[in-house]
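Each remark here refers to the structure printed beneath this line.
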């Protein structure tokens, strides 16, 4: 597992649909001579693997009891996309993201705009329906919270969110204010990454994990409390809550578990633990580490945080790495990059295969620990997934 500050600095500067890293002020794709003009291509996310149609709702939450850690003049805000099993044929097709968010994505990621336009990114076909009615007769469902990587919006994990909902979960995917490039908030506001200028100079990225843990506790209060903020909160089984995230969002899953006993199980998708786990562990709760291929990164990016964290994971645990998958492979971007011909210098494994593995292992983990269903895929290596390596420190 190799992720440190330099890696996140590259992320903040240059993640794109391929996850291309900065090389001399341009992306590695451009340095390699790749070039294309945006064409009339229709982009589509992978179809969910579960059997239920997916609904989506949107919620804006403000924690009026807490100031934003990056902009202290503001209360802490969250944008939440809620995905859930839906009644077929209800609602309208859900947009992927706004054009303002797509434009911010392309502006901040250099040469990507040579392959795709903001309009094309915003119009990516999803497999959820905005405002759909919940599927009746299912009882209460486990809740999974998703937190994106630093500088990325919640839409980077849409494929995973839709898949979990299709398998019978309520999914709350978060935008943490001022921690992404171009997240849209009410009032026509597109918020930039104010946190970036504050955490990189002094390497205080642990502040991000700690702040997101507080965000998750506030979210659970608002979704499962006596006066829930969501109209379909009755769907949620508050006794079964999981959290997964990419990059620092994955590290934040452990921070949330350390801070809040309501989070029963966690998944870290390729994220450095900038905030160390407590010495006493996580109360025996299960945790899954899924890392990118360490062979894809130079040795000077070696990161000791996973070996250090491993002994403090005191419940069921697994540590796997995925051969050929780079850091962005856990997000939607390589899937979409495949469709526009944008090369993946950091993640040679195809976007389609990367997402097959991500969805399978995350979904099976939550099936095992939130639903009590067998998950033999997590017992050890399998011929069906030759890229997945079970790793131990």
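The values are calculated or read from the model by the stated rules, or taken from the named source; none is laboratory data. Note that the coordinates shown come from a computational prediction; the quantities given were computed from them, not determined experimentally. No Cβ is skipped: glycine too gets one built from the backbone with ideal geometry, and neighbour counts run over all protein chains shown.
Yes or no: the range 117-130 includes at least one residue that is assigned to a helix (DSSP H, G or I), in contact (Cβ under 8 Å) with a residue 60 or more places away in the chain and farther than 16 Å from residue 80 by Cβ.
So far as the range 117-130 goes, yes, one or more of its residues are assigned to a helix (DSSP H, G or I), in contact (Cβ under 8 Å) with a residue 60 or more places away in the chain and farther than 16 Å from residue 80 by Cβ.
Taking the range 294-314 only, how many residues are in a loop (DSSP other than H, G, I, E, B) and in contact with a helix residue (DSSP H, G or I) (Cβ under 9 Å, 6 or more places away or on another chain)?
Adding up the residues that qualify gives 4.
Among the listed residues 252, 173, which satisfies the condition of being at pLDDT 95 or above, within 16 Å of the chain's Cα centre (by Cα), over 24 Å from residue 53 (Cα atoms) and surrounded by 24 or more Cβ atoms within 10 Å (Cβ to Cβ)?
252
Taking the condition surrounded by 24 or more Cβ atoms within 10 Å (Cβ to Cβ), within 30 Å of residue 194 (Cα to Cα) and either touching a helix residue (DSSP H, G or I) at 6+ places or on another chain (Cβ under 6 Å) or in contact (Cβ under 8 Å) with a residue 12 or more places away in the chain (or both), does residue 162 pass?
Answer is yes for this residue.
Residue check: is residue 250 touching a residue at least 24 places away in the same chain (Cβ under 8 Å) and either out of contact with any helix residue (DSSP H, G or I) (no Cβ under 7 Å at 6 or more places or on another chain) or in a strand (DSSP E or B) (or both)?
Considered against the rule, which asks whether it is touching a residue at least 24 places away in the same chain (Cβ under 8 Å) and either out of contact with any helix residue (DSSP H, G or I) (no Cβ under 7 Å at 6 or more places or on another chain) or in a strand (DSSP E or B) (or both), residue 250 comes out as yes.
Evaluate the following for residue 245: is it free of Cβ contacts under 8 Å to residues at least 40 places away in the same chain and either crowded, with 24+ Cβ neighbours inside 10 Å or touching a strand residue (DSSP E or B) at 6+ places or on another chain (Cβ under 8 Å) (or both)?
no
Residue 88 is checked against (1) assigned to a loop (DSSP other than H, G, I, E, B); (2) at pLDDT 95 or above; (3) buried (at least 16 other Cβ atoms within 10 Å of the Cβ) and fails just one. What number does that condition carry?
(3)
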